[in-house]
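Have a look at the structure below, then the notes.
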Amino acid sequence: MATEIQSGKVHVQTTINGESVDFLAEPRESLLEVLRDNLGLTGAKEGCNNGNCGACNVVMDGVLVNSCCVLSVEAAGASIETIEGVASPEGLHPLQQSFLENAALQCGVCTPGFIVAAKALLEENPDPTEYEVRWWLAGNLCRCTGYDKIVRAVLDAAERMRAEA
Amino acid sequence: MAVDTRVGQTIKHHDEEYKVIGTRPIRHDGLEKVTGEARYGSDINLPGQLHGKVLRSPHAHARIVSIDTSRAEALDGVRAVITSAAFPDPGDKLTGGGEAPGLPLKFKSANMLARGKVHYHGHAIAAVAAANPHVAAEALKLIDVEYEVLDPVLEVWDAMKSDAPVIIEDLYTARADGTTAEEPSNVAAEMLYEVGDVDAGFAEADLVVDREFTFGVVHQGYIETHNATAHWLKDGHLHVWCSSQGAFTIRQELADLLDHPITKIHVVPMEIGGGFGGKTTAYLEPLAALLSRQTGHPIKMAMDRADVLKATGPTPGGYVRVKLGVTNDGMITAGYANLAFDAGGYPGSVVGAGCRCVFAPYNMPNAKVEGFDVVVNKPKTHAYRAPGATHAEFASETVVDEICRTLDIDPVEFRLKNSAKEGDWQLAMPPYPRIGHIECMEAARDSAQWQTPLETAPGKKRGRGIASGFWFNIGFTSSVTAKLNSDGSVTLLEGSTDIGGTRTSIAMQFAETLGISVEDVDPIVADTDSVGQTDVTGGSRVTFATGLAAHNAANDMKDQIVEGLADLWDVAADSISHADGTFSANGKSATVGEAAGLLEEEGVFPIGKNTVTPTREGGAFAVHIADVEVDEETGKVEVLRYTAVQDAGVAIYPPYVEGQMQGGVVQGVGWALNEEYVYDDDGHLLNASLLDYRMPTALDVPNIETIIVEVPNPGHPYGVRGVGEVPIVPPPAAMANAIHDATGVRMSHLPMSPARVQAALAAEA
């Protein structure tokens with residue numbers, strides 16, 4: 001639900017990482033701004049603010065999106081998954097564990113976006129080829145790693161998840 | 001042959017065995033980086049904070065006639081507007097510490113906010129503080145600036161002409177002989193490096209190859225944009241949270257630019273989302289500080305991507321000429337090089353470093369290198385990973401390849417014959433210590449890729465290229481303070497911003513020396529109030545220099561433990577031995593953990609500390625092999641296979657050494673094939689977005705095979721050489737040599753974009 005209130009802000013009700021959330025936002029604010037500045041979910045990063053780097057990736061109603069290119073009012077009634085919801089109280093997601101063990105991060109600022117994007121890939125395709133991983137992750141820029149260890153980490157996690165399934 | 005680069009190949013030229021060094025633990029800061037919990041500069045918000053934005057010049061070269069901020073100040077929600085008048089007059093002062101000390105402070109100050117004149121498109125003019133970023137952005141549109149637009153000068157070869165518009169009216173060339181030019185020009189400095197008799201050397205040559213190369217401007221391309229938050233308290237204490245390669249450098253720059261006591265400035269390094277040399281200097285920090293002083297509120301500022309590309313410090317474009325003389329049997333007799341680099345809008349390019357590296361892989365008895373630092377109407381350029389070396393060695397390694405082709409000499413054999421080795425001359429530096437260029441070249445020759453013939457495909461133009469690279473590495477100053485906790489664990493404070501796993505590479509050296517596990521060391525990147533002087537994370541220096549400080553601090557702690565145990569056990573300190581983390585004397589023994597507990601009972605809490613400024617960096621060599629396929633129709637070059645070989649001295653933390661190698665290669669591939677600032681004739685940057693300034697994606701590159709060569713650096717107790725920078729040096733030359741192998745065409749400009757390759761193929765045909 002999105003209701004405009006007198007201040008010019010909009011009251012938005014949405015679901016983030018399985019929990020019901022309310023926020024007030026200006027209509028011009030992006031979902032990324034609201035996640036980071038209103039809700040304190042700073043795992044999604046701004047790298048370009050125009051959909052070219054993937055550092056702000058979240059999943060909205062099952063679709064991988066750049067949250068910088070989604071208006072926050074569009075979140076009304078939606079279900080959103082962010083990096084903060086990837087690990088569970090029981091522990092890390094296999095992708096997170098695999099990124100650690102494969103040294104698939106350096107500065108780490110693109111890492112949340114890559115993990116969110118890779119998780120979306122493996123939910124759609126549990127057994128991707130190296131090419132499919134590279135194709136899917138081409139929307140995420142990493143300037144540190146050269147992608148080699150990221151691609152290996154995703155393939156490694158996919159194998160672990162298939163073994164556990 | 002498939003090679004598993006998850007654990008790449010390592011070739012050791014030493015017999016040392018270590019317990020911790022060379023292992024592959026999970027990095028200490030990894031968990032919070034895979035969960036999104038790590039706090040980068042833009043992730044903090046302070047109570048009462050306002051937001052700052054910067055107005056930037058729409059012109060490349062213009063005089064500022066007037067600035068009227070009154071309409072912006074009147075906008076609801078705007079709290080302050082500043083122009084260059086907010087900065088103290090820099091007078092004739094020089095800049096303090098940092099990567100390039102000793103330049104006139106007035107240039108740095110005018111680059112923060114333009115003073116009377118704009119020098120490039122995107123030059124900061126004014127800054128606004130407002131209740132939120134959107135109001136601040138609206139306010140920028142209400143600042144009225146009147147410009148007198150001037151003709152821009154964009155390329156070094158134009159800027160060096162005697163009739164070129166002079167960008168800085170009182171800039172007089174500092175000549176190589178120590179004199180100063182009498183007429184102002186755009187040439188800030190000339191440099192000359194010479195050894196032997198270059199004319200005699202060329203006279204001995206049977207073949208002389210003399211070629212010219214040009215370069216576009218490229219950006220470091222870190223994914224996190226610049227940001228800063230500042231809080232100026234009423235008693236003059238200034239707290240700054242920033243994303244920088246050097247918190248101490250930012251502190252020094254703030255002290256210089258704001259004429260403020262350094263003791264009152266406290267800089268907190270947040271996690272940093274990449275730097276590569278581009279985050280070694282202040283941009284937003286002084287503006288946030290001044291706006292905070294004016295409003296009494298904390299100010300948060302962040303650049304958008306267009307700001308980053310337009311107005312931070314990309315690395316220079318420019319010109320390099322290389323001339324090499326050789327005998328018919330392939331011995332180099334002489335070399336000459338001439339390098340002219342963009343300084344950008346103010347003096348101080350990385351051309352000197354390029355001069356030092358241009359012939360570094362070779363033993364060259366006669367050489368002369370001239371360098372020119374040239375001001376043009378582009379952003380003030382800065383370091384980018386082995387700054388200057390990539391340009392210089394693209395030129396020299398391409399000429400070497402041409403010589404090998406002309407003389408029909410194997411490129412590996414030529415390089416082995418002429419390779420620099422221990423004791424050989426180094427341009428403008430002491431003779432080489434033990435170095436590993438020959439070992440790298442042999443490893444490349446023996447590699448799976450070099451030993452596997454290039455697979456041909458009908459109708460496809462494929463080729464293989466090889467190139468060497470050198471970067472001298474830098475020592476600078478580092479500090480470590482380590483506290484022994486009562487359970488035997490250690491809290492290690494260090495001042496080096498961690499961009500790629502260096503918390504762990506530092507902690508591993510500490511653990512090795514004290515004889516504990518790396519998991520028992522908790523490394524913390526500390527703020528400027530909490531640890532000793534530490535220079536920038538740059539020059540591939542952190543694992544080398546801060547690692548050395550950690551080793552020394554561990555020895556200091558060990559000595560204190562020994563003294564404590566000597567009292568406790570009533571033995572002489574020198575009778576206590578230490579091996580494998582256990583202290584023993586007279587039949588008594590204690591592990592570090594047991595010792596910590598015993599000493600705690602006596603009220604003894606050892607703190608090991610060290611500040612060190614090492615100078616024996618050792619120098620790093622790399623050899624790369626590229627296989628490419630060139631699309632004759634479009635000019636697009638695809639990388640089919642790539643092997644990177646590098647002398648790491650001793651690889652402390654191998655997965656992250658491999659990561660540096662792979663990351664450097666891919667940045668180098670981007671530089672080689674695609675990345676370039678595109679300007680119109682008026683000096684407007686036309687591609688200031690990550691769509692149009694296109695960096696390699698996962699789909700653009702293959703896996704990068706790595707071979708770590710270990711030739712220990714005699715200047716470090718564990719043999720460390722810096723590893724971060726040299727892997728960007730060989731890729732453009734390796735790619736150019738591969739393109740030639742595929743097509744017979746020599747490329748002389750970076751990037752070798754599809755349009756340029758297509759044009760070169762058309763010209764050849």
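If you go through the stretch B:380-423 and keep only what is surrounded by fewer than 19 Cβ atoms within 10 Å (Cβ to Cβ) and under 21 Å from B:V723 (Cα atoms), you end up with B:K421, B:E422. Scanning the stretch A:89-113 for residues being at the interface with chain B (Cβ under 9 Å from one of its Cβ atoms), more than 13 Å from the chain's Cα centre (by Cα) and part of a loop (DSSP other than H, G, I, E, B) gives a total of 9.
Taken across the stretch B:239-252, residues that are farther than 27 Å from B:M364 by Cβ and surrounded by fewer than 22 Cβ atoms within 10 Å (Cβ to Cβ) do occur, with at least one present. Applying the condition of being surrounded by 24 or more Cβ atoms within 10 Å (Cβ to Cβ), small (G, A, S) and more than 14 Å from chain A (Cβ to nearest Cβ) to the stretch B:500-534 and asking which residue is nearest to the chain's Cα centre (by Cα) yields B:A507. Six or more apart or on different chains, Cβ under 9 Å: which pairs go from a residue in the stretch A:13-24 that's free of Cβ contacts under 8 Å to residues at least 40 places away in the same chain and in a strand (DSSP E or B) to one that's of a type in the set (G, A, S) and surrounded by fewer than 17 Cβ atoms within 10 Å (Cβ to Cβ)? Could you list them? That search, which allows pairs on different chains as well, returns A:L24/A:S7. Among the numbered conditions (1) surrounded by fewer than 16 Cβ atoms within 10 Å (Cβ to Cβ); (2) closer than 28 Å to B:N227 by Cβ; (3) among the polar types (S, T, N, Q), the only one that A:T42 does not meet is (1).
Can you tell me which residue is surrounded by the fewest Cβ atoms within 10 Å (Cβ to Cβ) among those in the stretch B:177-194 that are in contact with a helix residue (DSSP H, G or I) (Cβ under 7 Å, 6 or more places away or on another chain) and not aromatic (F, W, Y)?
B:M191
Evaluate the following for B:D700: is it surrounded by fewer than 22 Cβ atoms within 10 Å (Cβ to Cβ), within 27 Å of B:T10 (Cα to Cα), within 14 Å of another protein chain (Cβ to nearest Cβ) and not hydrophobic (A, V, I, L, M, F, W, C)? For B:D700, the condition - surrounded by fewer than 22 Cβ atoms within 10 Å (Cβ to Cβ), within 27 Å of B:T10 (Cα to Cα), within 14 Å of another protein chain (Cβ to nearest Cβ) and not hydrophobic (A, V, I, L, M, F, W, C) - is met.
B:V666 meets the conditions (1) without any contact (Cβ under 8 Å) to a residue 40 or more places away in the chain; (2) of a type in the set (A, V, I, L, M); (3) surrounded by fewer than 20 Cβ atoms within 10 Å (Cβ to Cβ) in every case but one. The failed one is (3). The set of residues from the stretch B:33-48 being touching a helix residue (DSSP H, G or I) at 6+ places or on another chain (Cβ under 9 Å) and either of a type in the set (S, T, N, Q) or surrounded by fewer than 17 Cβ atoms within 10 Å (Cβ to Cβ) (or both) comprises B:T35, B:E37, B:R39, B:S42, B:N45. Name the one entry in B:D68, B:D76, B:D89 that is farther than 28 Å from B:I272 by Cβ, free of Cβ contacts under 8 Å to residues at least 12 places away in the same chain and not hydrophobic (A, V, I, L, M, F, W, C). Residue meeting the stated conditions: B:D89.
For the stretch B:32-62, a residue qualifies if it is among the hydrophobic types (A, V, I, L, M, F, W, C) and more than 7 Å from chain A (Cβ to nearest Cβ), and the qualifying residues are B:I44, B:L46, B:L50, B:V54, B:L55, B:A60, B:A62. Can you confirm whether B:Y693 is of a type in the set (S, T, Y) and away from chain A (no Cβ under 11 Å)? When the stated conditions are applied, B:Y693 does not pass them. When B:E155 is tested against (1) surrounded by 15 or more Cβ atoms within 10 Å (Cβ to Cβ); (2) among the acidic types (D, E); (3) closer than 30 Å to B:P298 by Cα, just one condition goes unmet, and that condition is (3). In the condition set (1) of a type outside the set (K, R); (2) over 21 Å from the mean Cα position of the chain (by Cα); (3) not in a helix (DSSP H, G or I), B:G221 is compliant with all but (2).
Restricting attention to the stretch B:562-582, the residues being among the acidic types (D, E) and in contact (Cβ under 8 Å) with a residue 40 or more places away in the chain number 1.
In the set (1) free of Cβ contacts under 8 Å to residues at least 60 places away in the same chain; (2) crowded, with 22+ Cβ neighbours inside 10 Å; (3) in contact with a Phe, Trp or Tyr (Cβ under 9 Å, 6 or more places away or on another chain), B:A585 fails one condition alone, (2). Consider the stretch A:114-165 and keep the residues that are more than 7 Å from every other protein chain (Cβ to nearest Cβ), acidic (D, E) and outside any loop (DSSP other than H, G, I, E, B). The one that is farthest from A:V65 (Cα to Cα) is A:E164.
Name the one entry in B:E183, B:E194 that is part of a strand (DSSP E or B) and without any contact (Cβ under 8 Å) to a residue 24 or more places away in the chain.
Numbers: B:E194 fails: without any contact (Cβ under 8 Å) to a residue 24 or more places away in the chain.
Just a single option satisfies the conditions, and that option is B:E183.
Rule-based calculations on the coordinates, nothing more; no lab input. Given the structure is predicted, the values throughout are model-derived calculations rather than measurements. Here Cβ is always computed from backbone atoms with ideal geometry, including for glycine, and neighbour counts include all displayed protein chains.
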